[in-house]
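S.K.: This is the structure, below, for whatever I ask next.
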Amino acid sequence: MDSVPVSLKSELEALKKSPGYISSTRDRQMKVHTTHTSQFLGLSPSSGAWPTANYGEDIIIGLVDTGIWPESESFSDEGMTEVPSRWKGKV
């Protein structure tokens with residue numbers, strides 16, 4: 001079992017007593033930053049999919065970030081050339 005949502009303190013206390021319990025972490029509420037989302041996505045307020053979809057009315061987009069594993073083979077730079085000395089880390 002990876003995770004179990006609990007909403008009552010009594011549920012958490014019962015979970016803590018179960019075999020295999022390791023730890024618990026309280027979720028943090030995050031503030032949504034959507035001020036510039038439309039610009040970032042390149043959406044036009046006058047034409048295209050955005051106005052056709054009523055500017056996202058009643059649309060929810062969810063993202064589950066499970067983290068990354070830098071040791072994964074997909075992050076390997078084996079076979080890549082060295083970074084040119086003129087590169088200063090900006091695109």
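S.K.: Restricting to the stretch 36-48, name every residue that is in a helix (DSSP H, G or I) and modelled with pLDDT of 85 or more.
M.R.: The answer is none; no residue qualifies.
S.K.: To continue, here is another question. Among Val91, Val64, Val4, which is at pLDDT below 80, surrounded by 10 or more Cβ atoms within 10 Å (Cβ to Cβ) and of a type outside the set (Ser, Thr, Tyr)?
M.R.: Val4
S.K.: Same structure again: Just checking, how many residues over the stretch 49-61 are in a loop (DSSP other than H, G, I, E, B) and exposed (fewer than 10 other Cβ atoms within 10 Å of the Cβ)?
M.R.: Matching residues across the stretch 49-61 total 5.
S.K.: Looking at the stretch 57-91, which of the residues that are closer than 30 Å to Thr37 by Cβ and of a type in the set (D, E, K, R) is nearest to the chain's Cα centre (by Cα)?
M.R.: If we take residues in the stretch 57-91 being closer than 30 Å to Thr37 by Cβ and of a type in the set (D, E, K, R), then Asp65 is nearest to the chain's Cα centre (by Cα).
S.K.: Follow-up. If Lys16 satisfies all but one of (1) modelled with pLDDT of 85 or more; (2) exposed (fewer than 10 other Cβ atoms within 10 Å of the Cβ); (3) among the basic types (Lys, Arg), what's the number of the condition it fails?
M.R.: (2)
The values are calculated or read from the model by the stated rules, or taken from the named source; none is laboratory data. Note that the structure is predicted; figures quoted are calculated from it, not measured. All Cβ positions, glycine included, derive from the backbone under ideal geometry; neighbour counts span all protein chains shown.
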